[in-house]
Amino acid sequence: MSTPDMARVLIADDHLIFRDGLRALLASAPDTELVGEAATGEEEIALATSLQPDLVLMDLQMPGVSGVEATRRVVQDSRISAFWSSRCSKTTTPSSQPCEP
């Protein structure tokens, strides 16, 4: 149940297991409400626009529209007050950096 003091959160990450972990973590936080999940940048844009969350937990490296581009598009037309992003990757490609141990 949502109250005015709760932070409304949207998770955007293409890795289901990571979304599962964040969902479990948010479920244990009494002052947050998970309002949606997106697996692609396109889904994040649509959900952020329709749901207007207070916070988006965003993966920057997603298929299709990247998390960087999705964030740019949503911030232009939104009241969302904060984005948190994850840019670590377990594999190194020309466009990614591995997570530091």
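Since every read-out is calculated from the coordinates, none of them should be taken as a lab result. Small disclaimer: the values here were computed from a predicted structure and weren't measured. Methodologically, a virtual Cβ is constructed for each residue, glycine included, from the backbone with ideal geometry; neighbour enumeration extends over all protein chains shown.
So the check is Cβ under 9 Å with 6+ separation or different chains; which pairs have a first residue in region 55-76 that's free of Cβ contacts under 8 Å to residues at least 12 places away in the same chain and a second one that's among the aromatic types (Phe, Trp, Tyr)?
Matching pairs, first to second residue: Val75/Phe83.
Here's the yes/no breakdown for (1) farther than 17 Å from Leu60 by Cα; (2) in contact (Cβ under 8 Å) with a residue 40 or more places away in the chain; (3) assigned to a helix (DSSP H, G or I); (4) within 13 Å of the chain's Cα centre (by Cα):
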| residue | (1), (2), (3), (4) |
| --- | --- |
| Thr3 | yes, no, no, no |
| Ile11 | no, yes, no, yes |
| Ile17 | no, no, yes, no |
| Asp20 | yes, no, yes, yes |
| Ala24 | yes, no, yes, no |
| Glu33 | yes, no, no, no |
| Glu37 | no, no, no, yes |
| Ala46 | no, no, yes, yes |
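Quickly run through region 48-70 and pick out the residues that are in a helix (DSSP H, G or I) and buried (at least 23 other Cβ atoms within 10 Å of the Cβ). Don't jump to the end; show me each part of the working.
We begin by selecting, within region 48-70, every residue in a helix (DSSP H, G or I); these are 48-51, 67-70.
Once the filter is applied, which keeps residues that are in a helix (DSSP H, G or I) and buried (at least 23 other Cβ atoms within 10 Å of the Cβ), region 48-70 yields Ala48, Gly67, Ala70.
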